[in-house]
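Shown next, in structure tokens, is the structure this report addresses.
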Amino acid sequence: METIVVKVDSSSLLTPERIDKLAERILKHRSDGKNTIVVVPSIELLEGKLLPYSSIFTERIADRESHALKAINTQVASSLLAIVLEKKGWKAVSLSGWQAGIEVVKSNGNILIEQIHHDFLLERIHNGEIAIVAGSQGYDQYKDLWTLGEGGPETTAIAIGTALDAEYVEILTEQDGIYTAESSVVKEARKLKEVTYDEMLELAHLGSTFVHPRAVELAKKYEMPIVVRSSTNDVEGTWIKGEVKMEKNRVVRGVAYEADIIRLTVGFDSYENSSLANIFMTLSKFNIDVDIIVQAVIDGVKPTVSFSIAKEDFAEAIKVLEQNKAQLGFSFADFEVGLAKVSIVGSGMVSNPGVAAQMFDRLRKENIIVKMVSTSEIKVSVVVPQDEMVRAANVLHDEFQLVEEYVN
């Protein structure tokens with residue numbers, strides 16, 4: 001029998017009725033003759049009730065206990081789903097991270113999956129059981145329980161699928177697939193039949209919320225196919241894989257956007273005093289992510305370097321720069337707020353010159369000012385005034401005719 005891994009969304013676990021409907025969805029796979037492993041996220045409502053208690057007792061909670069509290073939510077979710085499946089006459093078992101053999105390791109402040117000891121999972125499968133794994137958790141070499149953080153459940157599903165050589169991983173969401181843009185911003189966004197790992201990675205890093213990038217990175221590394229489908233409607237979803245058939249030969253496949261971008265500009269009295277390495281190494285020590293970088297070195301003009309950062313990193317970035325001003329050798333630091341990033345993505349761009357020019361030309365015709373630009377082989381990003389973000393996303397969606405990207 002083929003094996004598949006299904007990662008469910010938290011909205012499917014909010015009420016008894018939704019859990020029952022989710023169970024029916026899972027049993028359809030089992031009735032089709034597939035070994036099925038389910039990975040569940042935490043129940044957010046439960047998390048909101050439990051975690052505040054810890055702050056009553058102490059302001060400084062040990063990391064170990066904080067992670068243990070968060071892990072409880074996921075284990076409750078897996079148990080509830082297993083109970084419903086058992087009630088419907090099927091054998092099911094809830095498994096914590098350590099029972100599922102998920103070994104994790106700390107790396108630069110992050111919790112990462114080291115390996116999956118899958119013998120116990122295989123035993124459950126061979127016993128005809130549906131394994132419900134508490135996602136986003138695992139144990140370290142000291143048998144302590146740790147949670148993986150953002151994107152953890154999806155990453156857990158990919159890791160289990162890889163360890164068991166699954167046919168594919170199914171990710172259930174509130175949407176019925178991956179769209180050419182977020183439909184809340186671009187009303188004419190259309191569902192895609194398939195996208196490449198690289199396209200999905202760019203879309204995820206550029207602000208798309210469909211699938212977390214760490215899960216896509218792992219899937220790409222091990223060539224694990226992913227299908228993103230609706231958790232409530234039994235309709236065709238979107239496949240994420242290595243190679244795709246380009247729908248109507250579209251060069252651009254999607255538009256992504258991110259609000260609340262800030263541009264920081266650092267100026268130097270002379271080129272000799274400037275050092276990109278010093279600035280960005282200093283910022284990286286404080287875990288400040290820098291995105292688009294533009295350096296200006298012109299004879300007769302004092303050199304500057306501008307870079308974009310997220311709004312939440314702004315205060316810390318200014319603090320770090322001011323504290324290290326003498327060491328970094330810059331003469332002034334300025335900033336501009338009220339900006340957004342809009343990007344176009346498509347693997348076909350690598351072999352089709354002129355896409356960026358077409359993008360800039362359409363934005364010029366629409367009188368949308370471009371503040372910064374960043375490119376890669378399969379994406380072009382521009383920083384524009386935030387009050388133009390929605391209009392820019394819509395006109396670019398129109399420019400590259402993404403409205404025609406239907407699934408059926």
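The values are calculated or read from the model by the stated rules, or taken from the named source; none is laboratory data. Keep in mind it's a predicted model, so treat the numbers as computed, not measured. Neighbour counts are summed over all protein chains in view; Cβ atoms, including those assigned to glycine, are modelled from backbone coordinates with ideal geometry. Quick note on the areas: whole protein, heavy atoms, side chains included, nothing else; ligands and nucleic acids left out. Shrake-Rupley method; radii C 1.70, N 1.55, O 1.52, S 1.80 Å.
Under 10 Å, Cα contacts only: if you run a Gaussian network model on the chain, which one of Asn73, Asn233, Asn108 comes out with the highest mean-square fluctuation?
Asn108
Taking just the alpha carbons, could you work out the radius of gyration and Dmax for region 258-363, both in angstroms?
In Å, with Rg to one decimal and Dmax whole: 16.0, 46.
With a/c under 1.5 counting as rounded, go ahead and sort the chain into rounded, prolate or oblate using the C-alpha gyration tensor (a ≥ b ≥ c being the square roots of the eigenvalues; past the cut-off, prolate if a/b is larger than b/c, else oblate).
Working: a/c = 2.31, a/b = 1.45, b/c = 1.59.
Cα axes put the chain in the oblate bin.
Pairs of Cα atoms under 8 Å, at least six residues apart: use those to get the relative contact order of region 190-312, whole percent.
The normalised contact order for region 190-312 reaches 24 percent.
Assigning unit charges at the beta carbon (Lys, Arg +1; Asp, Glu -1) and nothing else, what dipole magnitude in debye, to the nearest 20, does region 258-408 show about its Cα centre?
Numbers: 13 positive and 22 negative charges, 49 e Å.
Dipole about the Cα centre, nearest 20: 240 debye.
Connecting C-alpha atoms closer than 10 Å in a GNM of the chain, tell me which of Ala166, Ala326, Ala82 has the biggest fluctuation.
Residue with maximal mean-square fluctuation among Ala166, Ala326, Ala82: Ala326.
Order Val337, Val235 by their accessible area, 1.4 angstrom probe, all chains in place, largest first.
The residues order as Val337, Val235, largest area first.
With every protein chain kept in the model, how would you rank Ile288, Ile293 by accessible area, 1.4 Å probe, largest at the top?
Ile293, Ile288
Rounded to the nearest 500, what is the 222 nm mean residue ellipticity of the chain from helices alone, with -39500 (n - 2.57) per DSSP H run of 4+ residues and division by all residues? Provide the component values of the computation, followed by the final result.
Numbers: 12 runs with 140 residues, N = 408.
Rounded to the nearest 500, the figure is -10500 deg cm²/dmol.
With all protein chains present, calculate the accessible area of Arg229 using a 1.4 Å probe and round the result to the nearest 10 Å².
About 40 Å², ignoring ligands and nucleic acids.
Kindly report the accessible area of region 220-311 per residue (heavy atoms of protein chains, probe 1.4 Å, no ligands, DNA or RNA), in Å².
Result: 54 Å² per residue.
Could you check what % of the DSSP bridge pairs in the chain are antiparallel, to the nearest 5?
Antiparallel bridges make up about 65 percent of those DSSP assigns within the chain.
What ranking of Ser230, Ser183 comes out by heavy-atom accessible area, probe 1.4 Å, highest first?
Final ranking, largest accessible area leading: Ser183, Ser230.
With a 1.4 Å probe and all protein chains kept in place, how much accessible area does Lys91 have, in Å² rounded to the nearest 10?
100
How large, in percent, is the carbon and sulfur part of the accessible surface of the chain at a probe radius of 1.4 Å?
The computed percentage sits at 49.
Name the most mobile residue of Thr196, Thr232, Thr173, meaning the one with the largest mean-square fluctuation, in a Gaussian network model of the chain with Cα contacts below 10 Å.
Thr232
How are the C-alpha pair distances of region 72-133 spread across 10 Å bins, as whole percents from the shortest bin up?
22, 43, 26, 8, 1
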